[in-house]
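The values are calculated or read from the model by the stated rules, or taken from the named source; none is laboratory data. Remember, predicted model here, so these are calculated numbers, not experimental data. Note that each Cβ is placed from the backbone with ideal geometry, even for glycine, and that neighbours are counted across all protein chains shown. Remember, those area values only see protein heavy atoms, side chains included, never the ligands or the DNA or RNA. Shrake-Rupley method; radii C 1.70, N 1.55, O 1.52, S 1.80 Å.
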Amino acid sequence: QLLKKTFAGLLDAIFIVDADTTKIIDCNPAAAETFGYTRQEMLGRKTDFLHVEEASLEQFRAHLYPAVEEKGFLVLPEFRMKRKNGEVFFTEHSVVPLEDEQGKRVGWASVVRDITIRKQAEEALQQAHDELERRVEERTAELLRTNEQLEQEIEERKRVEDALRESEETLKAILAASPVGICLVRDRILDWANQAMYRIWGYEENSLLRKDTKILYPSAEEYERVGREFYSDIEEKGIGQIETRFVTKDGREIHCYLQGSPLAPSDLS
């Protein structure tokens, strides 16, 4: 029941697809919101209608099966899909196989994240890069009149390139950060966490169930601050967002960004 509530509350679109027919067996509310269909309109349909064109679908399948056989999962950091209104948008697409108790593959779990805003930011950054390059070239032609002006222009161009390189590295890191750690907390007691979350904390899977999350914070003050500000944010806006620090099992202190929403009104207590 808790996992079903978590499935329904996630912000990324999630599809459960039959392995033989490629028909959608289930999807969460975020899937309907992302693609513009109602849940009823998507259930029972093959996933073809979500792809831009047949070539896109064939490309997806060409990546899917070899990746699953080799790694057990597929991640496409940039993959084009389309909404009901025909709008084409970029997604970060992750797929893992679902197997029955005998190990037979019975379906696929597909997580789709809309990265349209991130792509727009990348394009804006590239346009800014191109504009800066054009201006640098024009300025360089002017400053070639003297050695002193030439040195100033070289310095300016170096600063621009360093800033762009740093931005590009940051974007690459964001693309590589998948999947995201997810956990369910009730009264600040851990009810459930996925494998990614345990990897972040450095603990064995399920080793922190029913334990107070206080053990993850570097101090009682930080634990109280997060509880006060984070839950106040949820109560006011419906979604809480905060930066904090966690201490891993081996004693390392890490900075984290938390985002959460209540599964039920009682979860605000």
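Nonpolar atom fraction for the stretch 36-171, defined as the carbon and sulfur part of the 1.4 Å probe accessible area, stands at 50 percent.
With the Cα gyration tensor of the chain giving a ≥ b ≥ c as the square roots of its eigenvalues, does the rule (a/c under 1.5 for rounded; else a/b larger than b/c for prolate; else oblate) give rounded, prolate or oblate?
Working: a/c = 2.14, a/b = 1.29, b/c = 1.66.
Oblate, since a/c reaches 1.5 and b/c is not below a/b.
With springs connecting C-alpha atoms under 10 Å apart, model the chain as a Gaussian network and identify which of Leu50, Leu190, Leu143 has the largest mean-square fluctuation. Highest fluctuation of the listed residues: Leu143.
Per residue, how much accessible area does the chain show when a 1.4 Å probe rolls over the protein heavy atoms, in square angstrom?
Details: 16530 Å² over 269 residues.
Here the residues of the chain average 61 Å² of exposed surface.
Which one of His93, His255, His51 has the biggest mean-square fluctuation once the chain is modelled by GNM with Cα springs under 10 Å? In the Gaussian network model the winner is His255. Close amide H contacts of Leu184 (hydrogens built in the peptide plane, cut-off under 5 Å, sequence separation of 5 or more or a different chain): Asp191, Trp192, Ala193.
For the set Lys46/Lys84; Lys71/Lys104; Lys46/Lys119; Lys23/Lys119, the pairs lying more than 20 angstrom apart at their alpha carbons are Lys46/Lys119; Lys23/Lys119.
Just check the stretch 22-101 against the gyration tensor rule for me: Cα atoms, a ≥ b ≥ c as the square roots of the eigenvalues, rounded for a/c under 1.5, and otherwise prolate or oblate depending on whether a/b exceeds b/c. Note, shape of the stretch 22-101 comes out oblate.
Across the accessible surface of the stretch 199-269, with the other protein chains kept in place and a 1.4 Å probe, carbon and sulfur atoms take up 49 percent.
Assigning unit charges at the beta carbon (Lys, Arg +1; Asp, Glu -1) and nothing else, what dipole magnitude in debye, to the nearest 20, does the chain show about its Cα centre? Numbers along the way, then the final one.
Values: 38 positive and 53 negative charges, 215 e Å.
That gives a dipole near 1040 debye.
Sum -39500 (n - 2.57) across every DSSP H segment of at least 4 residues in the chain, then divide by the residue count to get the 222 nm mean residue ellipticity, nearest 500. Calculated at 222 nm, the ellipticity per residue is -14500 deg cm²/dmol.
Rank-order 230-237, 126-133 by packing density, defined as the average count of other C-beta atoms within 10 Å over each peptide's residues, highest first. Don't skip to the answer; put the middle values down first.
Details: 230-237: 14.4, 126-133: 12.8.
Per-residue Cβ counts within 10 Å, averaged per peptide and sorted highest first, yield 230-237, 126-133.
Taking the chain as a Gaussian network of alpha-carbon nodes connected by springs under 10 Å, the highest mean-square fluctuation of the residues Arg80, Arg139, Arg105 belongs to Arg139. Seen against the Cα atoms of the chain and their longest principal axis, helix 220-237 is set at about 90 degrees.
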